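Report on one structure; see the data block that follows.
The values are calculated or read from the model by the stated rules, or taken from the named source; none is laboratory data. On a predicted model such as this, the values are computed, not experimentally measured, just so you know. Positions of Cβ are generated from backbone atoms using ideal geometry, with glycine treated the same way; all protein chains shown enter the neighbour counts. Please note that ligands, DNA and RNA were not included when accessible areas were found on the heavy atoms of the full protein model with its side chains. Shrake-Rupley method; radii C 1.70, N 1.55, O 1.52, S 1.80 Å.
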Amino acid sequence: MNNKNEINQVKNSMESFRSDFPVIDQLINNKKLVYLDSAASSQMPNQVINEVSRYHSNDHANVHRGIHSLSHRATETFENTRKNVSEFINSKNTNEIIFTSGTTESINLVAQSYCRPRLKKNKKILISHLEHHSNIVPWQIVCEQTGGSLDVAPINQDGEIITEKLIDMIDSSVVLIAISHVSNALGSLTEVKNIIEAAHSKGVPVLIDGAQAISHIKVDVLDLDADFYAFSGHKMHAPTGIGILYGKEELLEAMPPYKSGGDMISEVTFSATTYNDLPYKFEAGTPNISGVAGLGAAINYIREIGIDNITVHENSLLDYMTSELQDVDGIRLIGTASKKVGVQSFLLKDIHSHDIGTILDHQGIAIRTGHHCAMPVMEFYGISGTARASLSIYNNHEDIDHFIKGLDKVITIFN
Amino acid sequence: MATQKKTGNLKELYKKLVIEHARKPQNFGCMELHSDSSKGVNPLCGDKIKIYILQEKGHISKISFEGVGCAISIASASLLTETLKNQSVAQAKKYAKNFIMIMNSNHESSENKKKFNNRDLETLMAVKDFPTRIKCATLCWQTFLSAIEGKDIVVTTE
């Protein structure tokens with residue numbers, strides 16, 4: 001899809017989707033909002049907002065518990081979305097889709113339920129230098145609990161995991177490899193398929209943190225042969241507080257429950273409890289049902305546009321943004337991987353990223369500043385933080401032009 | 001269309017004096033000979049500061065700081081050292097508590113400038129109109145209080 005006409009066609013059709021996002025249509029400090037912080041949280045289209053509202057107005061009840069009509073309808077919405085997620089990421093079975101509160105909980109679930117029983121002294125978890133804190137700290141905690149250790153695969157100056165080096169680090173002492181599909185701080189796309197293939201040849205399972213990939217590129221867990229794949233609703237135009245853990249059925253079956261309570265049991269007596277089947281074994285307590293309803297609508301929305309169209313649109317915007325940024329006086333781009341997804345981090349002269357953020361916000365431009373919950377990445381570059389602009393469906397060339405113009409004002413104020 | 005009332009004035013926030021202090025902070029650096037010191041961090045943004053104080057006869061005879069941070073936090077720390085140097089310890093504490101209180105008070109507007117009784121410090125009042133940046137301005141003052149009160153803790157803004 002590199003043909004210019006095709007890109008233009010996508011560009012024109014994407015423009016019509018922008019109006020689906022009511023939050024984008026507002027003034028900040030009397031300037032049109034330019035939202036370039038979708039990597040932190042993406043905005044919701046009317047289709048999602050309306051579905052959440054419809055659910056609350058018509059169907060709300062607890063799931064899997066009542067025999068009355070509302071409970072049935074709520075359960076139907078809930079389970080239909082599970083099916084929808086399964087189709088969206090191409091999992092073999094619907095019961096491989098576990099609803100969690102977000103990517104962070106999904107990773108914690110795997111750390112405690114899969115790794116904790118397997119880790120011990122001389123066993124390790126292998127991650128990369130590129131990871132978000134949520135793909136570092138849960139592993140550190142389980143290592144502390146078990147005496148296991150954490151190994152970190154290196155990255156290069158462009159901000160890419162050095163795939164060969166990571167593969168060289170895989171041996172029988174590795175219990176699990178946990179790496180991001182796309183770096184949240186830099187946007188680098190990891191060669192997950194190659195890594196998974198190499199890991200499997202040595203009998204090691206792989207968890208992919210897909211939070212930054214799921215709404216931007218096609219994710220096919222069967223094709224990737226991922227063992228676990230974690231992602232969040234709010235980074236794919238659904239509400240906050242809902243996330244997914246995909247896991248291969250045979251792995252999930254063998255794992256003990258991660259949290260306990262209602263809905264995860266089949267029989268409880270004071271002497272013993274029998275756990276429920278997948279996926280309910282991992283879903284104790286009343287779940288975020290409205291979040292699931294919104295997630296279903298978000299998936300339908302992405303499917304309607306077509307994930308490939310989204311990728312083309314965002315790649316073309318990223319190319320434009322990167323080339324415009326390169327022309328800004330005193331800029332240093334951080335994260336220059338050859339394959340990237342919708343994110344550009346940068347430094348501007350000696351100006352602290354928070355000052356850049358405030359001056360841009362004053363012009364209606366929302367970016368993220370600081371360490372992006374990826375302090376080891378910052379430490380790698382010897383910096384305390386970056387300014388980061390990230391893209392989504394609703395962004396356009398005009399947004400980028402405003403953003404670049406906004407940077408001129410930052411420079412003017414500090415000169 | 002949702003709208004929002006206009007917030008603080010950027011020119012007030014980044015006044016020449018603030019930029020100058022951020023670019024060339026006063027009393028910057030480690031002070032080997034000191035009677036008190038304390039560290040402060042803002043875990044959300046990664047700003048770090050360390051304040052060194054030399055107390056002599058109930059007065060602050062020397063004070064310095066080192067660290068990394070945005071223009072507001074560096075300028076605030078630089079102004080802190082200029083303001084508190086040669087003050088009595090009691091007076092310095094009063095300054096710091098007053099600064100933090102005014103910065104965090106919802107009822108004080110940036111127009112109410114007389115409270116500091118210090119023209120240079122008053123340039124930081126504009127920060128009040130940028131609520132997300134108040135912590136940048138107050139971190140060093142909290143760290144100063146921690147140092148002078150001999151608390152062996154790392155101050156955080158969270």
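Scanning the stretch A:26-48 for residues that are at pLDDT 95 or above and either in a loop (DSSP other than H, G, I, E, B) or in contact with a helix residue (DSSP H, G or I) (Cβ under 7 Å, 6 or more places away or on another chain) (or both) yields a total of 15. Any idea which residue in the stretch A:1-41 is most open to solvent (accessible area, probe 1.4 Å), counting only those that are in contact with a Gly (Cβ under 9 Å, 6 or more places away or on another chain) and among the charged types (D, E, K, R)? So the residue we want is A:32. State yes or no: is residue A:354 crowded, with 24+ Cβ neighbours inside 10 Å, free of Cβ contacts under 8 Å to residues at least 60 places away in the same chain and within 14 Å of chain B (Cβ to nearest Cβ)? Judged against the criteria, residue A:354 is a match.
Reported count of residues in the stretch A:405-415, each being more than 11 Å from chain B (Cβ to nearest Cβ) and surrounded by fewer than 18 Cβ atoms within 10 Å (Cβ to Cβ), is 3. When residue A:376 is tested against the conditions (1) open to solvent by less than 30 Å² (accessible area, probe 1.4 Å); (2) within 13 Å of chain B (Cβ to nearest Cβ), the lone failure is (1).
When each of A:383, A:365, A:351, A:393 is tested for being under 24 Å from residue A:214 (Cα atoms) and of a type in the set (A, V, I, L, M, F, W, C), the lone residue that passes is A:393. The lone criterion from (1) of a type outside the set (Asp, Glu); (2) surrounded by 23 or more Cβ atoms within 10 Å (Cβ to Cβ); (3) away from chain B (no Cβ under 14 Å); (4) assigned to a helix (DSSP H, G or I) left unmet by residue A:325 is number (2). Within the stretch A:255-271, residues that are of a type in the set (S, T, N, Q) reach partners that are loosely packed, with under 13 Cβ neighbours inside 10 Å and assigned to a loop (DSSP other than H, G, I, E, B) with beta carbons closer than 8 Å, at six or more positions or on different chains, in the pairs A:266/A:277. Kindly state which helices (runs of 4 or more DSSP H) lie completely within the stretch B:59-154 and contain at least 1 residues that are modelled with pLDDT of 90 or more. Where helices (runs of 4 or more DSSP H) fall fully within the stretch B:59-154 and carry at least 1 residues being modelled with pLDDT of 90 or more, they are B:71-84, B:89-104, B:134-148.
In the stretch B:30-72, of all residues being within 10 Å of chain A (Cβ to nearest Cβ) and among the β-branched types (Val, Ile, Thr), the one that is surrounded by the most Cβ atoms within 10 Å (Cβ to Cβ) corresponds to B:72.
For residue A:67, the test of being part of a loop (DSSP other than H, G, I, E, B), more than 14 Å from chain B (Cβ to nearest Cβ) and either in contact with a Phe, Trp or Tyr (Cβ under 8 Å, 6 or more places away or on another chain) or aliphatic (A, V, I, L, M) (or both) is passed.
I'd like to verify a number: residues in the stretch A:382-404 that are hydroxyl-bearing (Ser, Thr, Tyr) and within 13 Å of chain B (Cβ to nearest Cβ), how many? Selection size over the stretch A:382-404: 2. Evaluate the following for residue A:92: is it within 18 Å of residue A:250 (Cα to Cα) and either open to solvent by 20 Å² or more (accessible area, probe 1.4 Å) or in contact (Cβ under 8 Å) with a residue 40 or more places away in the chain (or both)? Yes. Can you tell me which residue is nearest to the chain's Cα centre (by Cα) among those in the stretch A:19-29 that are over 13 Å from residue A:399 (Cα atoms) and without any contact (Cβ under 8 Å) to a residue 40 or more places away in the chain? Residue satisfying both the conditions and the ranking: A:23.
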